[in-house]
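Inspection log for the structure reproduced underneath, given as structure tokens.
The values are calculated or read from the model by the stated rules, or taken from the named source; none is laboratory data. Remember, predicted model here, so these are calculated numbers, not experimental data. Neighbour counts are summed over all protein chains in view; Cβ atoms, including those assigned to glycine, are modelled from backbone coordinates with ideal geometry. For the accessible areas, the whole protein counts, side chains as well, though only heavy atoms, and no ligand, DNA or RNA atoms are used. Shrake-Rupley method; radii C 1.70, N 1.55, O 1.52, S 1.80 Å.
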Amino acid sequence: MLKIVKDTVSSLRAPSKEVELPLSQKDEDLLLQMWEHLKESQDPSFREKHPSLREGIGLAAPQVGVNKRLIVIHYPVDEEKKEYITYLLANPKIVSQSVKECYLEAGEGCLSVDKEHPGYAYRSYRIRVEAYDALKKENVLIKAMGFDAIALQHEIDHLSGILFYDRIDKKNPFYKKDGAIAL
Ligand code: CO
């Protein structure tokens, strides 16, 4: 279980640096620790023993105090079959994005943000991301859409010090954009 940097800390707003490839043992270990943190956070019996632990599906290295371009995403797509979407990525870069947008109807959440920030954060519905995949141990081109694309954009934003509520219209947080898909 890692200590999470909250949005009251200035390093969370700082840009993160690219990591060198091949990945150092230190950077690979950090990705594995972040993955472990997410898995523990999704385990109800583990959370019961650690009441301060919040359930999460994604983490970026600056959220654990390391300003490097490393992100992890882990969430179940089919809990029955124990199927998960898992990304352990270094230097992720959005190389294309759709004009079509989407948003989470219930709003986004973030392990670094304790306060409520109601409203819609608009994101591209489809994106392509180039990255080094630390599980596959190769460079990959990820094609993501919908929730998957939102999760990737949320974590990649962290590498620029951007938080989800920066994307919510302050004056009209529930403004509905024409053509945007609600998820
Ligand atoms: Co976040």
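Miscellaneous remarks
- Identity of the residue in segment 112-135, out of contact with any strand residue (DSSP E or B) (no Cβ under 7 Å at 6 or more places or on another chain) and open to solvent by less than 30 Å² (accessible area, probe 1.4 Å), that ends up nearest to residue 58 (Cα to Cα): 112
- Residue within segment 142-161 that is open to solvent by 20 Å² or more (accessible area, probe 1.4 Å) and assigned to a strand (DSSP E or B) present: yes
- The lone criterion from (1) open to solvent by 60 Å² or more (accessible area, probe 1.4 Å); (2) touching a Lys or Arg at 6+ places or on another chain (Cβ under 9 Å) left unmet by residue 7 is number (1).
- Boolean, residue 30 is among the aliphatic types (A, V, I, L, M), within 16 Å of the ligand (Cβ to nearest atom) and surrounded by 18 or more Cβ atoms within 10 Å (Cβ to Cβ): no
- Top-ranked residue of segment 68-114 - restricted to ones that are more than 15 Å from the ligand (Cβ to nearest atom) and acidic (Asp, Glu), ranked as farthest from the chain's Cα centre (by Cα): 80
- Top-ranked residue in segment 120-179 [being under 30 Å from residue 22 (Cα atoms) and basic (Lys, Arg); ranked as farthest from the ligand (Cβ to nearest atom)]: 137
- Every residue from segment 82-100 that is farther than 30 Å from residue 27 by Cβ and open to solvent by less than 50 Å² (accessible area, probe 1.4 Å): 98
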